[in-house]
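Scroll down for the structure; my scribbles are underneath it.
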Amino acid sequence: MGPIRKVKVYDIDSGLGGTHTVSTVEELPNNRISVRVWYGRATPTGWEAWIEWDGATFETTHDQLTNPRVLALYKEET
């Protein structure tokens, strides 16, 4: 099995006037979840993290997640 090439992500209100792109890390009690922020870009060699936010984790609830989609972690070379 090779490196993870894509991940299911959602939008969540950042509280700063925009959204964060997050993926679910862990299911917690009482409808809570731990999420990971994805902040960076896909490159042909893999995810290029922008350290300001990428990798940050926090807890939220499922109902705060919107816009489910798949995020490619590798950019296909053309």
| said: Between a residue in the range 31-56 that is among the acidic types (D, E) and any residue that is at pLDDT 95 or above, which pairs come within a Cβ distance under 6 Å, given they are 6 or more apart or on different chains? | reply: E48/G40; E48/R41; D54/Y39; D54/G40
| field | Residue in the range 29-37 that is open to solvent by less than 30 Å² (accessible area, probe 1.4 Å) and either in a loop (DSSP other than H, G, I, E, B) or basic (K, R) (or both) present | value | no
| said: Please go through the range 51-78 and give me each residue that is among the hydroxyl-bearing types (S, T, Y), farther than 12 Å from T24 by Cα and assigned to a strand (DSSP E or B), ordered by number. | reply: T66, Y74
| message | On the basis of being surrounded by fewer than 15 Cβ atoms within 10 Å (Cβ to Cβ), part of a strand (DSSP E or B) and within 13 Å of the chain's Cα centre (by Cα), does R41 make the cut? | response | yes
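The values are calculated or read from the model by the stated rules, or taken from the named source; none is laboratory data. The shown structure was predicted, so the numbers you read here are calculated from the model rather than taken from an experiment. Please note: Cβ atoms are built from the backbone with ideal geometry, for glycine as well, and neighbour counts cover all protein chains shown. For accessibility, only protein heavy atoms count, side chains too; no ligands or nucleic acids. Shrake-Rupley method; radii C 1.70, N 1.55, O 1.52, S 1.80 Å.
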